[in-house]
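Asks: Have a look at this one.
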Amino acid sequence: MTRHVVVTGASSGIGAACARAFAKLGDRLSLGARRTDRLEQVVPGALHQALDVTDAGSVERFVAAAIAAHGPIDVLVNNAGLARGVEKIAEGTGEAWREMIETNVLGLLEVTRRVLPQMVAAGRGHIVVIGSIAGHKAYAGGGVYCGSKRALQPICEAIRLETLGSGVRVTSVDPGMVQTEFSSVRFRGDAERAAKVYQDTRPLSADDVADCVVFAATRPPHVDIETIVVMPTDQASPHHLHRGGR
Ligand SMILES: NC(=O)c1ccc[n+]([C@@H]2O[C@H](COP(=O)([O-])OP(=O)(O)OC[C@H]3O[C@@H](n4cnc5c(N)ncnc54)[C@H](OP(=O)(O)O)[C@@H]3O)[C@@H](O)[C@H]2O)c1
């Protein structure tokens, strides 16, 4: 039986790779992001719906459109997220802090709270959260981004506790460095600075992370993969990276 899979932030990177991976399995897809023109190129036959997770009205319309198009949601991939800047806390700006917390934490909650009741009522469903190694270990210049990803851990734990007995599963997939548009967004479009992040090292690809998401989502219903931490072989922590090849 095919599933209805919803992916937030499906216009690039990990979200787009997840959408393509589930499409290969024949699943029905509802894809959301602010850049809807990009969504259409990711999986042509899917529902493409504008979504800004920081706007409650947009989230409401997105979830309603997804259910209208493809019925009850089986898998929600909470992927939309970003880091903005590398300022130390003493140099930071409220604007960037708010953007990260509103997107990565509050946005994820706004989507999840609208999907969970339907999953509980159906007696099945899978909430996947794209966390980060940044949620396990902080780094200088990443305090608020790391905090926003750390916050997802107790949120996942609480959902597991609150839905125990309902058949709902909750998985956090927490990658190390992945080559996507992430650094370009973090450095506000500075392509040269973004490219340096991945220079002379071998990061994960978005497809590597999508593999982990699909693995978790294709276990039998009685198996809940709680957390997958996936790192490039050349990365041992957020700031321990091998560069220069072997
Ligand atoms: N790349 C890494 O090294 C890495 C490592 C660990 C975890 N992650 C996490 O992986 C997730 C995906 O990031 P990525 O690496 O694939 O970066 P990316 O290529 O920049 O993709 C980010 C996606 O999030 C969407 N998005 C951002 N703000 C949004 C909003 N307000 N509403 C809806 N969608 C929004 C973007 O779409 P629009 O701009 O079109 O809205 C885009 O599709 C993020 O949660 C990130 O924190 C990334």
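Asks: Where Lys and Arg each count +1 and Asp and Glu each count -1, what net charge lies around Trp97 among other residues with Cβ under 13 Å from its Cβ?
Replies: -2
Asks: Then there is this: To the nearest Å, what is the center-to-center distance of region 87-131 and region 27-80, using C-alpha atoms only?
Replies: 15
Asks: Taking the Cβ of each residue in Asp174, Asp37 as the centre, tally the other Cβ atoms inside 10 Å and list the residues starting with the fewest.
Replies: Least crowded to most crowded, the residues run Asp37, Asp174.
Asks: Be a star and scan region 196-225 for residues whose amide nitrogen sits under 18 Å from the point 7 Å along the Cα-to-Cβ vector of Leu25.
Replies: Of the residues in region 196-225, 206-225 have backbone N under 18 Å from the label point off Leu25.
Asks: To the nearest 20 Debye, how big is the dipole of the chain about its Cα centre, given +1 on the beta carbon of each Lys and Arg and -1 on that of each Asp and Glu?
Replies: 240
Asks: Then there is this: For a quick check of your reading of the filter: which trypsin sites (Lys or Arg not before Pro) in region 138-235 sit in a DSSP loop and have no more than 14 other Cβ atoms within 10 Å?
Replies: Here the trypsin sites (Lys or Arg not before Pro) that fit, given the DSSP loop and packing criteria, are Arg188.
Asks: May I ask you to derive the relative contact order of the chain, considering only C-alpha pairs under 8 Å and at least 6 residues apart, and to give it as an integer percent?
Replies: That works out to 19 percent.
Asks: Moving on. Using 7 Å Cα-to-Cβ label points, what is the Arg98/Ala64 separation (nm, one decimal)?
Replies: With each label placed 7 Å out from Cα toward Cβ, I get 2.7 nm.
Asks: Would you mind calculating the relative contact order of region 153-234 from Cα pairs under 8 angstrom and at least 6 residues apart, reporting the percent as a whole number?
Replies: Here the relative contact order equals 42 percent.
Asks: What trypsin sites (Lys or Arg not before Pro) in region 1-94 are in a loop by DSSP, with at most 13 other Cβ atoms within 10 Å of the Cβ?
Replies: Hits after loop and neighbour filter: Arg35, Lys88.
Asks: Related question: Nearest 10 degrees is fine. How inclined is helix 56-70 to the longest principal axis of the chain, computing both from alpha carbons?
Replies: Value to nearest ten degrees: 50.
Asks: Quick one: helix 152-162 against the long Cα principal axis of the chain, what's the angle to the nearest 10°, folded into 0 to 90?
Replies: On a 0 to 90 degree scale, this one is about 20.
Asks: Now a separate question. Provide the gained length on full extension for the span Thr233 to Asp207, in nm with one decimal, where the gain is 0.36 nm per separating residue minus the Cα-Cα distance.
Replies: 7.8 nm
Asks: Could you go through region 136-144 in sequence order and give the Karplus-derived ³J(HN,Hα) for each residue, using 6.51 cos²θ - 1.76 cosθ + 1.60 with θ = phi - 60°, rounded to whole Hz, and x for Gly and Pro?
Replies: Once rounded to whole Hz, the list reads 9, 9, 6, 9, 4, x, x, x, 6.
Asks: Where does helix 13-24 land angle-wise versus the long Cα axis of the chain, in degrees 0 to 90, nearest 10?
Replies: Here the helix axis deviates by roughly 40 degrees.
All of the numbers you see were taken from the coordinates with simple rules; none came from a lab. In this text the structure is predicted, and so the values were computed from the model without any measurement. We place every Cβ from the backbone using ideal geometry, glycine too, and count neighbours over all the protein chains shown.
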